[in-house]
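**Q** Let me begin by handing over the structure; questions about it come next.
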Amino acid sequence: MKEKNGKVYNIDKKKKTYDKMNFTLDHPVRVEFGNGKSNELAKFCGLYGKKVFIVTMQELETLGLLDNAKYGFERESIEYTLFSDVKPEPKKNDFNDAVELIRKGGYDVIVGFGGGSCIDFAKALAICATHENDAWSYVNLSSKPPDTIYPQKVLPVIAVPTTSGTGSEVTPYAVIINPDTIQEGTIKDPSIYPKIAIVDPELMLGLPKKWTAITGIDAFSHSLESYFNKTNRTSFSDMICIEGMKWIVKSLPKAYQDGSNLQARAGVAYGATLGGIAISLAGTTVGHALVHPTDARIGTPHGISVSIYMLSVLRHTLPVDIDRFSKIVRIINPSIDHNQNGFIEKGLQSIESFISQFDFPRKLSDYGVSEEMIDVIVDDTISYMFRPLNQHVKKFTRGELRQIVIESY
Ligand SMILES: [Fe+2]
């Protein structure tokens, strides 16, 4: 019992249950989710103007994924430019041509159409095409504050994902690599929340099996890591994380086995969007703190780097929050009893078998990485990713981080 202002309050002794029930919920993205929704892209662009800059990849155009959108623009008399030169994992200097086109053309809205790289590219472009400096200047590393971003200048972005992974369609983040410093960093600014996210599972039907798995594991990791964010997590973000993991666990194996299963595609897309909301409310932690330097140093696709560290990070984290670990295990295999002997090993095995059903190598050494790189990755992580490190539920020493990387080698 506690007395305050003459009133007596009953405070539950299990304070831990309630300690995250004091928060602000502000998520500004309008989500249009459902089969066929991308056919309405022109209509949504029309809310922001009559001149549209579409950022995509050549292969998506070749596959015909943009055909319906193009008819829509013609039908609605909306002028558009297609910029289809985005490459995977955008680099600092990849933006120059697009910046020039936007500055000359006077566009009203940018559409990011494709995987996370296309959407991140569109978001970063919305800033650097309307500001003076290059995209990297606006990256917010733990060791480097960003240049000033003027929100009123940033162009509106509409995001249309064709993969279910990064959740970039609902986040204020854009990931960029700087080849000069060999760093991967993130622009983090509310001004680049897409105005509208059009999540259409039909666009994901053609995603190859391997990429379905790699991007899906990234989506799972966003909910998983946000669930362990001791600083920013709230009761609300926890709910999103749990739901996000459930949908990926339920749907990803089916989408992987049969890419034409539209229901499974919708389930993975929903899980990935929830994962994106999770990282915008709470944020990734140690897993991604290691992943960003790994992406930059080794060039592994982001989802592969994520899967390399996931189990080892969990193994080293679970002693400090066995309750959260057991909730994750229950999502993957509800038949494992957390009172059972050997629960921890069985739990870890269940998570490992969930990941290993997707057939791609998950060790650093599988990607031709030399042993010397172990210390380089650890040093990078400590030097410019210390914020997500510090938000993790367990504070790792350099030695423990090194051990995680060694186990993932
Ligand atoms: Fe990620």
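The values are calculated or read from the model by the stated rules, or taken from the named source; none is laboratory data. Keep in mind the model is a prediction, meaning the values are calculated, not measured. Here Cβ is always computed from backbone atoms with ideal geometry, including for glycine, and neighbour counts include all displayed protein chains.
**Q** Taking the condition modelled with pLDDT of 95 or more and surrounded by 10 or more Cβ atoms within 10 Å (Cβ to Cβ), does residue 37 pass?
**A** In short, yes.
**Q** I'd like the residue in segment 344-374 that is polar (S, T, N, Q) and under 22 Å from the mean Cα position of the chain (by Cα) and, out of all such residues, is farthest from residue 325 (Cα to Cα).
**A** 357
**Q** I would also like to ask the following. What number goes with the only condition from (1) surrounded by fewer than 19 Cβ atoms within 10 Å (Cβ to Cβ); (2) over 21 Å from residue 90 (Cβ atoms) that residue 216 does not pass?
**A** With (1) surrounded by fewer than 19 Cβ atoms within 10 Å (Cβ to Cβ); (2) over 21 Å from residue 90 (Cβ atoms) applied to residue 216, the lone miss is (1).
**Q** Return yes or no: is residue 252 in contact with a Gly (Cβ under 6 Å, 6 or more places away or on another chain), farther than 30 Å from residue 24 by Cα and not assigned by TED's automatic domain parsing to the domain that holds residue 137?
**A** Answer is yes for this residue.
**Q** Out of (1) away from the ligand (no atom under 16 Å from the Cβ); (2) charged (D, E, K, R); (3) over 18 Å from residue 113 (Cα atoms), what's the single condition that is false for residue 225?
**A** Every condition holds for residue 225 apart from (1).
**Q** One residue is enough: does segment 313-335 have a residue meeting the conditions within 13 Å of the ligand (Cβ to nearest atom), in a helix (DSSP H, G or I), of a type outside the set (Asp, Glu) and at pLDDT 95 or above?
**A** no
**Q** Given 107, 80, 71, which one is more than 16 Å from the ligand (Cβ to nearest atom) and in a strand (DSSP E or B)?
**A** Only one candidate qualifies: 80.
**Q** Let me ask you something else. Can you tell me which residue in segment 258-283 is surrounded by the fewest Cβ atoms within 10 Å (Cβ to Cβ), limited to those that are in a loop (DSSP other than H, G, I, E, B) and either free of Cβ contacts under 8 Å to residues at least 40 places away in the same chain or among the hydrophobic types (A, V, I, L, M, F, W, C) (or both)?
**A** Checked segment 258-283; the qualifying residue surrounded by the fewest Cβ atoms within 10 Å (Cβ to Cβ) is 258.
**Q** List, please: which pairs have Cβ atoms under 6 Å, are six or more places apart or on different chains, and start with a residue in segment 102-117 that is over 22 Å from residue 295 (Cβ atoms) and at pLDDT 95 or above and end with one that is assigned to a loop (DSSP other than H, G, I, E, B) and of a type in the set (S, T, N, Q)?
**A** Hits for this filter: 113/56.
**Q** Could you please tell me which pairs satisfy a Cβ distance under 8 Å, a separation of 6+ or placement on different chains, a first residue in segment 313-338 that is in the same structural domain as residue 403 (by TED's automatic domain parsing), and a second residue that is of a type in the set (Lys, Arg) and in a loop (DSSP other than H, G, I, E, B)?
**A** As it stands, the answer is 316/394; 317/394; 319/394; 320/394; 321/394, since those pairs meet every condition given.
**Q** Within segment 129-153, track down each residue that is touching a strand residue (DSSP E or B) at 6+ places or on another chain (Cβ under 9 Å) and assigned to a helix (DSSP H, G or I).
**A** Those that are touching a strand residue (DSSP E or B) at 6+ places or on another chain (Cβ under 9 Å) and assigned to a helix (DSSP H, G or I): 135, 136, 138.
**Q** Being surrounded by fewer than 22 Cβ atoms within 10 Å (Cβ to Cβ) and not charged (D, E, K, R) is the requirement here; does residue 248 meet it?
**A** When the stated conditions are applied, residue 248 does not pass them.
**Q** Would you check if there is a residue in segment 113-129 being of a type in the set (Ser, Thr, Tyr), under 22 Å from the mean Cα position of the chain (by Cα) and surrounded by fewer than 22 Cβ atoms within 10 Å (Cβ to Cβ)?
**A** no
**Q** Can you tell me which of 104, 87 is under 26 Å from residue 302 (Cα atoms) and either in the same structural domain as residue 278 (by TED's automatic domain parsing) or of a type in the set (Lys, Arg) (or both)?
**A** The match here is 87.
**Q** Here's another thing I want to ask about it. From the list 387, 362, exactly one residue is charged (D, E, K, R), over 20 Å from residue 283 (Cα atoms) and buried (at least 16 other Cβ atoms within 10 Å of the Cβ). Which is it?
**A** 362 is the lone residue from the list that is charged (D, E, K, R), over 20 Å from residue 283 (Cα atoms) and buried (at least 16 other Cβ atoms within 10 Å of the Cβ).
**Q** Do the conditions hold for residue 172, that is, is it within 16 Å of the ligand (Cβ to nearest atom), within 15 Å of the chain's Cα centre (by Cα), surrounded by fewer than 23 Cβ atoms within 10 Å (Cβ to Cβ) and outside the structural domain of residue 388 (by TED's automatic domain parsing)?
**A** yes
**Q** Filter segment 175-200 down to the residues that are within 14 Å of the ligand (Cβ to nearest atom) and under 20 Å from residue 219 (Cβ atoms), then identify the one that is nearest to the chain's Cα centre (by Cα).
**A** So the residue we want is 175.
**Q** Restricting the first residue to segment 214-228 and requiring it to be assigned by TED's automatic domain parsing to the domain that holds residue 331 and closer than 14 Å to residue 280 by Cβ, which pairs with a second residue that is within 9 Å of the ligand (Cβ to nearest atom) and in a helix (DSSP H, G or I) meet a Cβ separation below 6 Å and a spacing of at least six or different chains?
**A** If the second residue must be within 9 Å of the ligand (Cβ to nearest atom) and in a helix (DSSP H, G or I), the pairs left are 219/275; 222/275; 222/279; 223/275; 225/287; 226/279.
**Q** Being of a type outside the set (Lys, Arg), touching a Ser or Thr at 6+ places or on another chain (Cβ under 8 Å) and over 20 Å from residue 228 (Cα atoms) is true for just one of 300, 285. Which residue is that?
**A** None of the other options fit; the residue is 300.
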